[in-house]
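Remarks on the structure that follows.
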Amino acid sequence: MDAHPAPDGLIRRLWPSDTAGFRDHLLRLDVDSRHSRFGGAVSDDFLIGYADRCFGIDDVIYGYLVDGVVRGAGELRGVGHNLPLGFGGSAEAAFSVEMDWRRRGVGSELMARIVRAARNRRADTLYMSCLTSNQAMASLARKFSAELRREPDEAVAALDPKGPSAGSVFGEFSDDFAGFTTAMLDLHRRAFSMRPAAR
């Protein structure tokens, strides 16, 4: 069983068992990609610590996987309030795609999942921020009808994800079920491949 197919790979929800794969994806980002994703230069140690904190109860992460390797990610988390995402409030989205997998529609596929997840969690507003030089992110925000506010060094996009519907809730549930099954099969394969050969 596979999660939702995507160009040359698949997109599925990432789970705590995917922490190492998500971390390795972030570590493979080149200097410019790290700068675009985090708004400045970040070290390997920062990325390792960041990945270890990214699978909390209020985090939703979708990954773009090629041959089982995470090559892109879309992240959703609540901001500016003390309640879990399911109780409304604002949320923020962030995206990262490795250089060789860009310009294939991966960002749009990840964004669609993140907008749906925000909608199903009754987020009032979904925010994305990027450097003003990041035209790809600005174009992605406009594609999803986000309002874009430009500041000297940063652009902030805001969109209303609307409320959940039966279709959006079922769609996320079925995608997540398929993704969880795939993640468990991947975990089993990795664990089995690490076992010493029988003598």
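General remarks:
- Number of positions in the range 92-132 that are among the hydroxyl-bearing types (Ser, Thr, Tyr), farther than 25 Å from Asp67 by Cα and in contact (Cβ under 8 Å) with a residue 24 or more places away in the chain: 3
- Meets criteria (in contact (Cβ under 8 Å) with a residue 24 or more places away in the chain, assigned to a loop (DSSP other than H, G, I, E, B) and β-branched (Val, Ile, Thr)) for Ile57: yes
- Here the condition is being part of a strand (DSSP E or B), aromatic (Phe, Trp, Tyr) and either buried (at least 19 other Cβ atoms within 10 Å of the Cβ) or out of contact with any Lys or Arg (no Cβ under 6 Å at 6 or more places or on another chain) (or both); of Tyr64, Tyr50, it holds for Tyr64 alone.
- Total residues in the range 11-47 satisfying the condition of being of a type in the set (Lys, Arg), under 27 Å from Asp175 (Cα atoms), touching a Ser or Thr at 6+ places or on another chain (Cβ under 9 Å) and assigned to a helix (DSSP H, G or I): the figure is 1.
- A single entry from Val97, Val42, Val70 fulfils the requirement of being more than 17 Å from Trp15 (Cα to Cα), at pLDDT 90 or above and within 11 Å of the chain's Cα centre (by Cα): Val97.
- Subset tally (residues that are of a type in the set (Lys, Arg), part of a loop (DSSP other than H, G, I, E, B) and closer than 16 Å to Glu75 by Cα) for the range 85-121: 1
- Options Ile48, Ile11; residue that is in contact with a helix residue (DSSP H, G or I) (Cβ under 7 Å, 6 or more places away or on another chain) and in contact (Cβ under 8 Å) with a residue 60 or more places away in the chain: Ile11
- Selection status of Ile57, at pLDDT below 90 and among the β-branched types (Val, Ile, Thr): yes
- Residue selected from the range 144-187 under the condition modelled with pLDDT of 75 or more and among the β-branched types (Val, Ile, Thr), by the criterion farthest from Arg122 (Cα to Cα): Val156
- Selected residue (criterion: surrounded by the most Cβ atoms within 10 Å (Cβ to Cβ)) from residues of the range 126-141 that are among the aliphatic types (A, V, I, L, M) and closer than 20 Å to Gly105 by Cα: Ala141
The values are calculated or read from the model by the stated rules, or taken from the named source; none is laboratory data. In this text, all values refer to a predicted model and were calculated from it rather than measured experimentally. FYI the Cβ positions are ideal-geometry reconstructions off the backbone, even for glycines, and counts take in every protein chain you see.
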